[in-house]
Amino acid sequence: MNADLMSTIENIQHQTSSDAILDIMYGAIDQYGFERFIISGLPDPGVDVRPFVLLSGWDDEWYERYTTKGYVHLDPVARHCFSTTLPFDWSEAPYDRENDGPARRVMEEARDFGMDQGLCVPVHMEGGMQGVVSLVGKTDHLDETGRLELHMLSLYAHGRLRYLNGPIGRPTVRRGITPREAEILKWAATGKTAAEIADITGLTPRTINQHCENAQKRMGTNNRLHTVVEAIRHKLITL
């Protein structure tokens, strides 16, 4: 895993204000060619999105239009977050361009604000809640490593902001994992594959995968990357 990325994640972990994370995120996404972003929860149909927004780096005028007009419930990009756990290009969000006029209007108005391309990272949280980190910019230059790094950065930033915006004085959640699971997750955080971790630890790839699955079940996460991010966030592993 990119050393600069891990340093950025560590930096986010130590911040105590959303404004500080805003500055860090602008610097981090700029390295991948992105310009603006938003980090938010996704409300149920008909519910105002504004209380769910954790951090906005959008143009103020577009943010005001999007939130006051309830565009989150019409936006095909936001809607697609409920159907996948993997990052996707905005252009991959499906909608009927001929018959879904409201969705088409949102996408056309976004283009008027220079927001015609981007990468969306769905965030699936405990209790069935949904969230999103949406990055504005071209994606054709991104390779698989870049997408993985942005996925990890987004999940971690979303988690830290949820923590900062939570009730004051709430207890820190700690979900236990075994020392072996922690060891394997630390290697996974550096970008090692199951086969590579097996070579390092002397275990089989099948055993590595089983340890990752066990840690995922203990922590209530959705995939391996989410497990790594939550383990870092809850200080179950250090980098």
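The values are calculated or read from the model by the stated rules, or taken from the named source; none is laboratory data. These numbers come from a predicted model, not from an experiment. Cβ sites come from the backbone with ideal geometry, for glycine too, and all protein chains shown count toward neighbours. With ligands, DNA and RNA removed, areas are computed over all heavy atoms of the protein, side chains included. Shrake-Rupley method; radii C 1.70, N 1.55, O 1.52, S 1.80 Å.
Filtering Phe88, Phe52, Phe37 for residues that are touching a Gly at 6+ places or on another chain (Cβ under 6 Å), surrounded by 14 or more Cβ atoms within 10 Å (Cβ to Cβ) and modelled with pLDDT of 95 or more leaves a single hit, Phe37.
In contact (Cβ under 8 Å) with a residue 60 or more places away in the chain, more than 20 Å from Gly70 (Cα to Cα) and open to solvent by less than 40 Å² (accessible area, probe 1.4 Å): does that describe Ile29? Criteria met by Ile29. Annotation for region 8-15: at least one member residue is modelled with pLDDT of 90 or more, in contact with a Lys or Arg (Cβ under 6 Å, 6 or more places away or on another chain) and open to solvent by less than 40 Å² (accessible area, probe 1.4 Å). Take the conditions under 30 Å from Ala188 (Cα atoms) and either touching a strand residue (DSSP E or B) at 6+ places or on another chain (Cβ under 9 Å) or open to solvent by 30 Å² or more (accessible area, probe 1.4 Å) (or both) and apply them to Leu22. Does it pass? Yes; evaluated as a whole, the condition is true for this residue. Is there any pair linking a residue in region 180-205 that is within 19 Å of Ile9 (Cα to Cα) to one that is open to solvent by 60 Å² or more (accessible area, probe 1.4 Å) and not small (Gly, Ala, Ser), with Cβ under 7 Å and at least six apart or on different chains, and which? Final answer for the pair search is Trp187/Ile200; Ala188/Arg224; Ala189/Leu239. Quick one: is Val133 in contact with a Ser or Thr (Cβ under 8 Å, 6 or more places away or on another chain) and either part of a helix (DSSP H, G or I) or modelled with pLDDT of 95 or more (or both)? In short, yes.
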